[in-house]
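Worksheet: one structure, shown below.
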Amino acid sequence: MPVTLDQPAQAAIDSEVFSMSFKASWSSLQAAILQGEALPQRRAIAKAITLLESTRADHRLQADELLTALLPHTGNSFRLGISGVPGVGKSTFIEALGLYLIGLGHRVAVLTIDPSSTVSGGSILGDKTRMELLSVNEKAYIRPSPSSGTLGGVAEKTREAMLVCEAAGFDVVMVETVGVGQSETAVANMTDMFVLMQLPNAGDDLQAIKKGVMELADLVVINKADIDPDAATRARAQITSSLRLLGLHGEPGHAHHDTQIWHPQVIQLSALLAQGVDSFWGKVLEFKALQTTSGKLAARRQKQALAWMWERIDAGLKQAFAQHPAVKNLLPELTQAVLEGRMAPSTAARNMLLTHAGQA
Ligand SMILES: Nc1nc2c(ncn2[C@@H]2O[C@H](COP(=O)(O)OP(=O)(O)OP(=O)(O)O)[C@@H](O)[C@H]2O)c(=O)[nH]1
Ligand SMILES: [Mg+2]
């Protein structure tokens with residue numbers, strides 16, 4: 001029987017989580033995540049993620065305890081980041097790929113990072129993240145973006161949610177994000193492979209492709225090839241040559257192509273017709289094999305883990321700084337002094353840092 005868990009049901013579970021004592025339940029939560037039957041496991045994952053997203057200090061302590069307990073069971077998935085402008089077809093593609101992978105015996109988790117929700121509380125991805133067939137498949141778990149917090153905070157929650165899904169045995173985790181703001185970087189920094197989706201006409205206007213984002217891409221996918229196959233082929237050629245100009249690309253057979261390392265490639269497909277999904281997965285496996293053999297996959301994860309730690313230290317320090325009573329007192333006066341040019345910004349900063357350290 002398929003397990004249906006739409007957003008209202010999810011919300012009901014979330015509110016239930018807040019009415020219960022985490023203290024009494026976190027170890028049973030852990031057991032349900034690690035060994036639970038499909039439905040209890042799903043509920044346990046939802047509860048765990050809600051616990052992780054809670055901003056209450058006591059919840060955070062329990063969330064850390066839960067994460068520590070789950071950690072030995074994490075890391076066994078392939079983490080795939082999918083980015084692209086609104087409407088490029090990310091969700092349609094994730095649905096097609098997810099169903100294909102379930103057919104191969106995988107279990108698929110889908111998480112989203114929606115930068116708009118952190119600003120407005122609203123959501124670009126919103127209801128459209130609902131993937132009709134995937135969301136009712138018991139081999140899939142779909143979780144929308146946390147709807148509040150800074151991008152850094154949302155990224156942290158998503159990373160943690162990814163660990164919970166891995167502990168629950170999902171062996172492919174996809175993170176979808178729209179190509180606005182810094183969210184692509186956040187997603188590239190938490191995944192093993194970063195995929196950039198493009199429309200067939202994007203090749204005509206390379207301005208539309210941000211150079212920085214192109215440099216993050218391990219694979220570029222031209223979607224909607226069904227609408228105009230010739231345009232898709234042209235876009236593929238154009239993006240391939242621009243990758244080469246950026247020094248990122250060695251087309252197989254090209255003089256600078258080294259078969260021992262991965263060079264970003266461009267493929268075309270139709271997410272709507274689920275055409276090309278199998279060759280996409282072939283590329284992913286090729287990438288994974290090369291990165292594993294060379295040790296780059298493990299190195300990328302280690303680098304990401306340390307970067308995550310430092311990012312959180314930075315954020316924690318900044319927050320503690322802003323909440324420090326003496327700093328709060330001093331801030332308006334020094335801000336004004338800097339605005340009026342009476343004090344150098346570096347002097348103001350130094351004064352406040354000394355105040356924070358209790359040395360002023
Ligand atoms: N013809 C065609 N239409 C497609 C294809 N892939 C997606 N679409 C359509 O494009 C529209 C947007 O698709 P989504 O999958 O919602 O796009 P998205 O990138 O997830 O959009 P956001 O979540 O809003 O950023 C939908 O109407 C899809 O049916 C494709 O390969 N071919
Ligand atoms: Mg979408």
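Any read-out appearing in this document is the output of simple, stated calculations on the displayed coordinates, not a laboratory observation. Fair warning: this is a prediction, and the values are worked out from it, not measured in the lab. Neighbour counts run over all protein chains shown; Cβ positions are idealised from the backbone, glycine included.
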Cα gyration tensor shape for the range 303-356, rounded if a/c is under 1.5, else prolate or oblate: prolate
Residue exposure sequence - VAL187, VAL88 - by fewest surrounding Cβ within 10 Å: VAL88, VAL187
Taking VAL327, VAL195 and counting other C-beta atoms within 10 Å, the order from fewest to most: VAL327, VAL195
Total charge dipole magnitude, the range 303-356, about the Cα centre, Cβ charges on Lys, Arg, Asp, Glu only, Debye to nearest 20: 120
Neighbour-count ranking [beta-carbon atoms within 10 angstrom, fewest first] of SER83, SER241, SER279, SER91: SER279, SER241, SER91, SER83
